[in-house]
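Asker: Dumping the structure here so I can ask a few things about it.
Read the figures in this text as sums done on the coordinates, not as results from a lab. Quantities reported herein were computed from a predicted structural model and do not represent experimental measurements. Neighbour counts are summed over all protein chains in view; Cβ atoms, including those assigned to glycine, are modelled from backbone coordinates with ideal geometry.
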Amino acid sequence: MAVLRVVRLGAKVLRTRAAEVETSDLKRGRLKPFFEDLTETMIEYNGTGLAAPQVSQPLRVVLYAIHPESRGKGLEVPPTILVNPTFEILDPTEIEDFEACLSVPFLAAKVPRPRKVRVQALDRSGRPLDFVAEDFHARVVLHESDHLDGTVYLDRVRDRASIRYTIDY
Ligand SMILES: [Zn+2]
């Protein structure tokens, strides 16, 4: 396994639509080493999530994990790979809350996101996933999946006065 380099805003790959992954590639395990590297990288960088374009792989793959003591209010999601994710908004009520991104270091800002979405995707073995994500879980999945369309959270910030540094000098 290897820790991959996380690219930052300005890298072309972050502004490019990522390509669909073939189910047959998942079933044959061809992306398994990449999934392992992606997981190691997310842990090394202490991120909640990581999308493949952030490590210069223009593929529709995201990884995330939610720890029970984090902002998920007790929700625990083990490291989860979503391939070719799509969404259906179940509750369009927009919730504004802070987001940050490994590709936009040292910043955070309030981003509006729908409260509840249905997520359909393939798992790391090519099996279909279909689940409902709410609140912080929905926010994480939508933030990571935005990366697959060349969008970063700053693009969605409405309250620009909320943009702030997360470090002290
Ligand atoms: Zn991000």
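Asker: Among R158, R17, R124, which one shows the highest mean-square fluctuation when the chain is modelled as a Gaussian network with alpha-carbon springs under 10 Å?
Answerer: R158
Asker: Cβ under 13 Å from A133's Cβ, A133 left aside: what net charge do those residues give with Lys, Arg +1 and Asp, Glu -1?
Answerer: -1
Asker: For A108 paired with Y169, estimate the spin-label separation in nm (one decimal), with each label point 7 Å from Cα along the Cα-to-Cβ line.
Answerer: In this crude spin-label approximation the distance works out to 2.0 nm.
Asker: When 1/r is averaged over all different Cα pairs and the result inverted, which Kirkwood radius in Å belongs to region 67-114?
Answerer: After inverting the mean inverse Cα-Cα distance, the result is 13.3 Å.
Asker: In addition: Pick out, from I81, H143, T166, the residue whose Cα sits farthest towards the positive end of the charge dipole of region 38-169, with +1 on the Cβ of Lys and Arg and -1 on the Cβ of Asp and Glu.
Answerer: About the Cα centre, the residue reaching furthest to the positive side is H143.
Asker: What is the Cα coordinate range of the chain on the first, second and third principal axes, sorted by size from largest, in whole angstrom?
Answerer: Cα spread of the chain along its principal axes, largest to smallest: 47, 37, 30 Å.
Asker: Further, regarding this structure: In whole Å, what three semi-axes, largest first, describe the equivalent ellipsoid of region 46-130 built from its Cα gyration tensor (square root of 5 times each eigenvalue)?
Answerer: After diagonalising the Cα gyration tensor, the semi-axes are 20, 18, 14 Å.
Asker: Straight-line reach from K110: which lysines fall under 30 Å, measuring Cα to Cα and dropping same-chain residues less than 8 apart?
Answerer: K12, K73
Asker: Can I get the semi-axes of region 120-169's equivalent ellipsoid? Compute them from the C-alpha gyration tensor as square roots of 5 times the eigenvalues, in angstrom, largest first.
Answerer: After diagonalising the Cα gyration tensor, the semi-axes are 29, 12, 12 Å.
Asker: Give the order of F34, F106 when sorted by the count of other beta carbons within 10 angstrom, beginning with the fewest.
Answerer: F106, F34
Asker: Next up: So what does log10 I(q)/I(0) come out to for region 1-73 at q = 0.15, 0.16 Å⁻¹, using the Debye formula with one equal point on every Cα and no solvent?
Answerer: Values, matching the q order: -0.55, -0.62.
Asker: Right, here's the next one. Could you work out how far the C-alpha centroid of region 16-91 sits from that of region 120-134, in angstrom?
Answerer: 11
Asker: Something else about it: Only four residue types carry charge here, +1 at the Cβ of Lys and Arg and -1 at the Cβ of Asp and Glu. Report the dipole size of the chain about the Cα centre in Debye, rounded to the nearest 20.
Answerer: Charge dipole, the chain, about its Cα centre: 380 debye, nearest 20.
Asker: Moving on to the next point. Residues with amide H under 5 Å of V152's amide H, sequence separation 5 or more or different chain, H placed in the peptide plane at 1.01 Å from N; which?
Answerer: When sequence neighbours closer than 5 places are left aside, there are no close amide H contacts.
Asker: May I ask you to evaluate 6.51 cos²θ - 1.76 cosθ + 1.60, the Karplus curve with θ = phi - 60°, for each residue of region 114-124 and list the ³J(HN,Hα) values in order in whole Hz, giving x for glycine and proline?
Answerer: x, 6, 8, 9, 9, 10, 10, 6, 10, 8, 5
Asker: Also, quick follow-up: Give the order of F87, F35 when sorted by the count of other beta carbons within 10 angstrom, beginning with the fewest.
Answerer: F87, F35
Asker: As a check on your grasp of the helix formula, calculate [θ] at 222 nm for the chain: sum -39500 (n - 2.57) over DSSP H runs of n ≥ 4, divide by the residue count, round to the nearest 500.
Answerer: When only DSSP H runs of four or more count, the value is -5500 deg cm²/dmol.
Asker: Taking every DSSP beta bridge that has both residues in the chain, what percent is antiparallel when rounded to the nearest 5?
Answerer: 95
Asker: Still on this structure, I have one more. Set the Förster distance to 41 Å, then compute FRET efficiency between S125 and A161 from the Cβ-Cβ distance, nearest 0.05.
Answerer: 0.35
Asker: OK, next. Enumerate the calculated ³J(HN,Hα) couplings along region 38-50 in order (Karplus 6.51 cos²θ - 1.76 cosθ + 1.60, θ = phi - 60°), each rounded to whole Hz, writing x wherever the residue is Gly or Pro.
Answerer: 4, 5, 4, 5, 4, 5, 4, 8, 6, x, 7, x, 7
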